[in-house]
Amino acid sequence: VQLQASGGGLVEAGGSLRLSCAASGHSFSRYTMAWFRQAPGKDREFVAAIRYSSTTHYADSVKGRFTVSRDNAKNTMYLQMNNLKPEDTAVYYCAGDRAIILSSISLPHQYDYWGQGTQVTVSS
């Protein structure tokens, strides 16, 4: 599976962006898909995930502001980001794997497939 993230950009605080992660290959619908982000000088952190069942999971820092979704017919995952804050500034990566257990869903090293990242910058 190859993943390609897109949709990043520069936005003012309070604004919105929608990221996309397009997947190539087979069996996308069976994958748990996730978004992670990494700010300069910080570790990669979990943002949100959506399982093959479409169950969603979010980091506390983005609950109520971000929404993860998927369109299996288009082999694409999305991250709708509303009410963006300067602390959301980071490179956002999409990731996928077929064998993620619930307790590991927020752990980046559990994912085998990664996109190249897209920069999100939120100005104050």
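As a test of understanding, state the convex hull volume per residue of the chain from its alpha carbons, in Å³. Walk me through the intermediate numbers first.
Working: hull volume 11.3 nm³, N = 124.
It comes to 91 Å³ per residue, whole-number rounded.
Quick check: convex hull over the Cα atoms of region 34-105, volume per residue in Å³, rounded to an integer?
Numbers: hull volume 7.0 nm³, N = 72.
Considering the Cα atoms of region 34-105, their hull volume per residue is 97 Å³.
With the crude spin-label approximation of a point 7 Å out along Cα→Cβ, what separation in nm comes out for ARG65 versus GLN116?
So the two model labels end up 2.8 nm from each other.
Projected area of region 5-69, taken from the Cα convex hull and averaged over every viewing direction, in nm²? Intermediate values should be presented prior to the final figure.
Values: hull surface 21.4 nm².
Mean orientational projected area (region 5-69, Cα hull): 5.3 nm².
What area, in nm² and to one decimal, does the C-alpha convex hull of region 1-43 cast on average over all directions? Before the final figure, lay out each step's value.
On the way: hull surface 17.5 nm².
Its average projected convex-hull area is 4.4 nm².
Just need log10 I(q)/I(0) for region 67-117 at q = 0.20 Å⁻¹, Debye formula, equal scatterers on the alpha-carbon atoms, no solvent, rounded to two decimals.
-0.92
Largest first, how would TRP114, TRP35 line up by accessible area (1.4 Å probe)? Mind showing how you got there, number by number?
Working: TRP114 75, TRP35 0 Å².
I get TRP114, TRP35, largest accessible area first.
Near ALA39, within a Cβ-to-Cβ distance under 10 Å, what is the net charge of the other residues, with Lys and Arg +1 and Asp and Glu -1?
Values: positive: ARG37, LYS42, ARG44; negative: ASP43, GLU45, GLU87, ASP88.
With Lys, Arg at +1 and Asp, Glu at -1, the neighbours total -1.
For LYS85, go through the lysines and keep the ones whose alpha-carbon is under 29 Å away, minus same-chain ones fewer than eight residues off.
Here the lysines satisfying the reach criterion relative to LYS85 are LYS42, LYS63.
Can you send over the solvent-accessible area of LYS74, 1.4 Å probe, protein chains only, in Å² to the nearest 10?
130
The values are calculated or read from the model by the stated rules, or taken from the named source; none is laboratory data. Quantities reported herein were computed from a predicted structural model and do not represent experimental measurements. Every residue, glycine among them, receives a Cβ derived from its backbone with ideal geometry; neighbour counts consider all protein chains shown. Ligands, DNA and RNA are excluded from the accessible area calculation, which covers all protein heavy atoms including side chains. Shrake-Rupley method; radii C 1.70, N 1.55, O 1.52, S 1.80 Å.
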